[in-house]
Structure formats: structure tokens, C-alpha cells
1. Looking only at the stretch B:268-279, which residues are closer than 21 Å to residue A:298 by Cβ and either more than 12 Å from chain A (Cβ to nearest Cβ) or within 17 Å of the chain's Cα centre (by Cα) (or both)?
2. Out of all the residues in the stretch B:446-467, which are away from every other protein chain (no Cβ under 14 Å) and closer than 20 Å to residue B:414 by Cβ?
3. Within the stretch A:468-531, which helices (runs of 4 or more DSSP H) (wholly inside it) include 3 or more residues that are within 22 Å of residue B:457 (Cα to Cα) and more than 14 Å from chain B (Cβ to nearest Cβ)?
4. For the stretch B:286-318, give me the residue count where each residue is surrounded by 21 or more Cβ atoms within 10 Å (Cβ to Cβ), facing chain A (nearest Cβ under 10 Å) and within 18 Å of the chain's Cα centre (by Cα).
5. Within the stretch B:268-285, can you find the residues that are crowded, with 19+ Cβ neighbours inside 10 Å and touching a residue at least 40 places away in the same chain (Cβ under 8 Å)?
6. Of everything in the stretch A:301-311, what is at the interface with chain B (Cβ under 9 Å from one of its Cβ atoms), assigned to a helix (DSSP H, G or I) and either touching a residue at least 24 places away in the same chain (Cβ under 8 Å) or touching a strand residue (DSSP E or B) at 6+ places or on another chain (Cβ under 9 Å) (or both)? Give them in sequence order.
7. For the list (1) outside any loop (DSSP other than H, G, I, E, B); (2) crowded, with 19+ Cβ neighbours inside 10 Å; (3) more than 8 Å from chain B (Cβ to nearest Cβ); (4) modelled with pLDDT of 90 or more, I need the number of the one condition that residue A:298 fails.
8. Give the number of residues within the stretch A:328-349 that are more than 13 Å from every other protein chain (Cβ to nearest Cβ) and surrounded by fewer than 21 Cβ atoms within 10 Å (Cβ to Cβ).
């Protein structure tokens, strides 16, 4: 009997896939791979990779910052050590492409969890939320996922944050499933949090969301609001949350990891200087999808007036977070997309339907033959495949020193620096510190700053900001730090100023970066030992004729191997 | 939170009576002191110093109009402007110039403060008849919304648009109550508005949104008493009335140029999305979210027009933070209305154990309190803020007053490079000399001038060439601005330092020798 039952369920699912709605949802999920899969855009990715390589080489965590000449004595709370080791392991096994594909799969897993949460049986109306059996159809789910994938475009890509996105989606799915259906699957969160605490400090988000759901349920019971979950399930949620919080401590930093997470969230310097922490720019078309989700959600809630308190609490919290920082749009998507889908479904059901006449009986169209269904599914799913495969292949084939990255990262400048004398102290752009950490620090060079803002500290961030923003203290900050050479983006005020200042001399130039040394005796001595631009060109054509040397003869420099 | 419930949903908001009954009228009059008191208190927010950079060149233009009439071409920039002068705010500019001439900046501040407060007072009155919203709720809503929008109020033409929008909102509300006469106030309103500020398009958009929403709502079975045709006819006439201005139909081209200028919307802070790391945008976001929550908490679904207006105004605000005042106007009646509805719903769910009977205050008590509040606000906030000593100090500290005076005396007629935000002040200081390059009238200057300015301001490649090409060998700048640092680095000389505004007058010099340290501008002679 059981086998028959599961067989009929499978057949039912197969049939559901061949409905227009099912095909639409399947196509949306498949096409979602395209925006979700990209080459590395996150500047922090590179230093995570280098940190992982160092951990694997040294068989242990790093006590202090190994990359900078400014805060090298700062204790490093390696809250993402497991992610970094995974990056390094994958890189050794299959290069950058394997990391790109793995993180794309992780993001897609998160999106699948959103779809599963939206597909949970809807509760019957009334108190204590018993499941009513009806589920949201595939079309609203498809529309919601489509909009969410567009809204999250600024965030997607290979980055550690995608782990938090996927795990947040999974957490919320398991929590909602438990509150609606019960069962013991919720306890799976305890080992998940034990791993999460070592992967990314975003575990606080998962735990925070669970706490918000728990508190909302308690308040809903206190005030007798409808739409709440049964008391026993809420109690279990509380126990699981406590166990998860206890498991977080199982990491190399112990309870200190909690402090770290909050330091990052409440640093005014980070919030002001780091673009990702800025509020969304609604002139950006992609951010417009997020605005559309928020505003349409408000309208739909006003029309349906059916919101579970826990969903409302999560929506309000994540809207506030996303308005605060563009990077939190991912959390908004994780937490609020299922609510948006449910609201869309509810609005669609408000439409008056034509009553069927009783005498006519249930009108059912004849089912199409199986070969027709299979054909339709094949066409609908196979057609997007070439696009998806092309995108994945393109993203997976990139190398860190390829021309693909030369437009966004200092690929050529790093090659040139690698041919220069070792041990240089390089003043760099904040967003390029990670790449330079990967490419030039193995040979002994040190950089001014990179993307672990908590490790850098607010004082260094502000000093850096005074240089990048060209305050009157800009030159003093660089020289007092003992900077040997400045490597900066050409299209920045600082690069323009340095190129015209009598106190600095340009020594290198390519399409993306320029390098400068001080117009002092020490700078002259260094300049004499710097290589010609040809050192950056190499034989692969990545750094072409745009690379120029602005100085005279260069000393012979021993070639250094790339990491 | 009111949540998953089988929705016995009444249609939209309570239908309104066509005319107020006698008890309603009495309640309205009795509640008026609350509103007047709140509006008087809001003067503390709406009365602001000359903080908007554009106010100065508007003042300068107003003086020119009083002397010679509306200029035909751009009057202040040595480089002229590719587009003709529109004079879209000529009436506001004349009024501003007259006020400043009569009583100094303080009088203009007070007058525009009253206009701002009046806007929120009118908005608080824009609720449907028969809703019986308590006056304290309206007063609280007025104050909250005024506070949240306070940063963009003060002496600026946009405040006129804020008042105009509030009046349109009130007219639409009365029209929906069944008053056919109210809509005929629109054509004269827009006739005046189009000569005061180009933001009248917001009013027209509101009217069209109202007509469309009411028509659709009625079509889907909603209860609507108002007839759409009179509103559309009045709106059409109002649109025609906007053509009665010195620029005629070109005024609409000016509006289109402003909205379609990508450099403007990307580079000028006021046209950018709100920064939610700041306090007041957070407050406004909380108010908007709060109203949506109140929609869900009340007994009825929200009025569809309320939903359309709030969503539209919120979208406009997310696009450009300057629209916060329009959002606040839309929000003011809704906050009072839905907070009251939600409060009543909660009281129905939990009836009070001890029925309370409110005591009746003696006649005139409310007005006495309102007068006291108004008096206290004027004495403690408005009068000190508008005193001539205060406004003069603000000008000295907020604007390069001493630096401009020095430049006028020692570098007469020199083409001065300065910030976009300071161009208006310098233009007003030297009205006949054409010493500035650019200021806030961006639609007249066009996109190219703004991009040229950004070449210098952002120290893009060729910034020195841009200065040389335009013959700018002198500058008036804040000391800590990046152009100042860069100019000093490449050999410009500080001529004098204005300590009050921390600004400096610079003159181009020769490139310093290799390794030379630039001079400290704060050590230059005092302006």
C-alpha cells in the first residue's frame, strides 16, 4: 500500500510538472541559475581564499593579520575559517571554477528552500494554525522567485555570504515546516548551527530570525492573535534555539564569536565607508525590483489583510535591514519572498470566479497523452539549458589572473609588483586589498588595508577614508604609515592628484591601475629598482600595450612565482 | 497584529456624508484649537535659516526682477547657459526679495515657516467627513509628519509645492465627500502655483491618480459618491492654467529637462535615494511602515486612494529624498485616520471595564491653550531664530561671506571656481558681475555643464584643463574640500582665510618644485 501511495504521489508530482504553472516554475528555477552564477565580484573573496591557503599550509588558524603593514599586530578572529579552508581546498582541487559552481549550487539550494517554504500546506483559518492542506500554486511561486532573483542581483555571486543566505532559507523553511506540520526535522538545525558558526558570522541572522519568530509567537499567544502555532511546537522551537545558541560556541574563537558579529554590525566607520553597507540606490533598475516587492507587498497585505504575526515580524525586520544596507536585500529575499508569494496567491483568489452550473457536473478536460507531456517538459526545460550552461561554463573557466578580472581587479599591477623587489609596503584601494593579499603578499609585500573591516578597526578605516576622500591629511597618513608605493585605480581623485603632485612620481600605469612612489631620495632609490612595464605583460596577452612604465631604467629583478 | 482571519471584509473606508451635520460641525470647531496649537508648535520645525543653497540665487533673481523684469537669459554665470531662462519661480523670487528687503532674512524665514506649518495644518484636515477623527490624533499626526520632513522645509520654493499638494489633497477629499464646487478651486490654485514653483506637476499627478482610482474603484463595485467628470474637467482647466506664466508652454519643457537629467539625479544629494543610516529617514520609514500595519489592524480595508497615494509618494521618496515632504503631506491624514480606526478596533475587542466619561473643558479653554502654545513657540524659537544677529551669524558661518567680500574687493570681476552649492550665494553677492560658473539652476545649465563641473569637483583627468579652458584662475572653497587640497598641491596660493566658514580664497600659481610641501590655507591672512 505504501509503495502504491508513494507511487501515486510521484505520478501526481510528475503531472504537476507538466501543467503550464509547473513548467513556468521549473523554467524560472532553471533560469535562476543564470543571475546566481557569476564570476567573482566580491572583493573579499580573494583574501578569504588566501587565508584558507595559509590555514592549510600552517595546519592552524592565523593569530594575527598576515597581510597589512598597518595592523599586523591585531588579533584576528577568524570567524569564517571553515569557509576559507573550503575555498582553498576547492581551489586546489579544481581551481576557481569549482568554487564558482559550488557557491552557485549553494545559492540555488537557498532559493529551492524559499520555494519549498512557499509550497508548505497553508494553515486553515483560525487559531493554532492547523494545516488545511491547500498549497500555493506554482505560478505565484514562480513569479515570486523570479522577482526575488532579480532583486538579489547585486548580491549574488561567489562569496561567503551566500552560505548564510542558503542556511537562513533552510532555517526558516525548517522552522515554518515545524510550526505548521510538527515533526522532529527542526532538530537538524542544531548540527547545522554548529557548522554555520564556523562558516560565517551570519549565523546570528539565523538565530535572530528564530528568536523573532519565537517572540512573536509568544506575544501572539499572550494577546490571542490568530495565525499562531500550537504551544507545543513553539516550546520545541525555543528548545532548539537554545541548543543552537549553545552549539555556536563550538568554534576556535569560543564565545568571542558573538562579540565579533555585533562589532561588525554597529561600526559607524564601516557603515559610512563601505559601499555594501550603504542604503540601496533606487535609481538602480535592479534595486527597483526590491522596491517593487516591498511596495506591492504593502498593497497586497492591505487588500488581503491576512498575515501571520511571525511573517509580519520577519517582513518588517528584513525591510528595515534592507533599507539600511543593500547587502541585506538577500536577507529580505530569504525571509519575505514566501510571504510575498502567499499574498499574491491570496490576492489572485479574491478574483470572483464564474460558478459552475450544478447540472453540468465537474468539467474536466481530457488528459494529454504521456508522450505529449514528456515532450513539452523536455522542450520547456531543454531550451534554457544552453544559456544556463554557457553562463556556468563562462564563470567556471575564469582564472584569478585572467583578462576577465583585469577590468575589476589589479591583475596587471599585481604581476608588475611581483616582479619588483620583495617587502614593499603598498598603499592600496580598499576594494583591491583582497586581491593584492592573494597575489602579492605571498612574496613578502604588505598592503595598507583589506576587507576584514573588523580586523582593520575603525581608526584605520577612517585614516584610509581621509586619504581616499582627499582631506588635508592625506599625504601625512600615507607617509607616516611608512608607505613605499601607492597602487590605486586610475579613475579616482587620488590617482589624479598623485599624478599631478610634485611630491609623488608615477612609476607604472595600465588601464586599471597606476603606481606612484614618493619624490624623495628613498623613493628615487626604490624607483631605480622597479621593473619595466614589460614585467606585467607576460606571454598570455592579458596585460597588453596599455601597460606603461613612467620611469627610466629598471634594475634586474628576480622573477617571483605566483601563489 | 490582526492576522489570518476569515475576512468579513467591508468594502473600503466608511462612506461619507455629503455635508457635515451640526454636531459634527461643533466637534470640528471644538477640535480646531488642537490643530492650530500643533501647527503653531510646528513653526519650531518649519522656521529655518537660509540652509538651502538655491535660496540665495532665487533672492538675487528676485532683486533683478524687481529692478528690470524677468531676465531673458541666465543672469549670473560668466559662461552663460545653453538653455533659455525660464523664470519658473518668478513670483516666489519676487516675494522673497520683497520680504528680505522689508525685514531681512528673518522675515522671509518666518513667512516660509508659516507656509510650511499651514501645509501640514491643511493636510491634517484632509480627512473624509463623518469619520470623527479625534483632534488630538490629527494634531499628533501633524507634528510627527512635520518633524520627519523637517529637513527639507524652510526658505525654499518647494515649500510652496508642499502647501499646494496639501490643498489639492483637501480638495480631492471634499470632492469625494460629494462637494462638486470644491474642484473649481483648482484652476486658480494652479495658476498661482505654476508661477511660484515647478512642483505643480505633483498636484496634477495627484489629481489624475485620484480620478483614475475612483473610476476603477467604482467599476469594481466600490462605493464612490464623487463624479469623475467634474474633477477631470477642473484638472484639465488647471493644466491649462499652468500655461499662464512668463515662459508659457516652455515651463513644461523645463520640468521634463529637470526630471530627465541623469547627472542631476545621480550627483545632487537631494535627488538621491534616502540614506537610512540617518535618523530622520528612519523615522519616516517607520511612519510609512506603521501606516501599512495600521491598514491591517483596522476594521476595514484601506481606502484605495489612500493606498495609491501612499505607495506612489513612498516610491517617489525612495527615488529622491527631496520628496519626503510630499510623502509627509500624504501621510498626515492617513496616520490620524488609520491610527484612530485601529484604536477603535482594539477597544471593541477589549471593552473598557470602567466606562469613562470625559469631562468637558470650559468654553475657550482650548483656544487659550493653543494661543499659549503659539506664543511660547514664537517667543522661544521663532523670534530668536529670526533675529537679525542670528541670521547674520548663520550667514557668516554657513556661507563664505567674508571670503566673498574679500574677493569682491581684491579680485573684482575674477571668474571664481566654487562648489555647486556655493554658486548661488556668490551669484547673489555679485549680481551684475557674472563671476560664477554654475549654481543650482541645473535645467538651464543642462547636463553638459553639470558634467563639466564634476570633472573638476571629482578631480577627473583634465580637471586643471577644464579650469583653464573656462578662465577660472581664482577659487572660493571650503578648506577641507578635495579641490582645495588638490589646488594647493599643484601650486595654487591661498590669498585669504575666512575662519567663520572655514573657507579660503585661492589664486592659481606656478607648479611648485619637486617635493615641495603645499602651504597651509589656515595660515593665510584673514579675510
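1. Matches in the stretch B:268-279: B:273, B:274.
2. Once the filter is applied, which keeps residues that are away from every other protein chain (no Cβ under 14 Å) and closer than 20 Å to residue B:414 by Cβ, the stretch B:446-467 yields B:449, B:452, B:453.
3. Answer list for the stretch A:468-531: none.
4. Total meeting the criteria: 4.
5. Across the stretch B:268-285, the qualifying residues are B:271, B:273, B:274, B:281, B:284.
6. A:301, A:303, A:304, A:309, A:311
7. (3)
8. Result for the stretch A:328-349: 1.
The values are calculated or read from the model by the stated rules, or taken from the named source; none is laboratory data. Just so we're clear, the structure is a prediction, and the values are computed from it rather than from any experiment. FYI the Cβ positions are ideal-geometry reconstructions off the backbone, even for glycines, and counts take in every protein chain you see.
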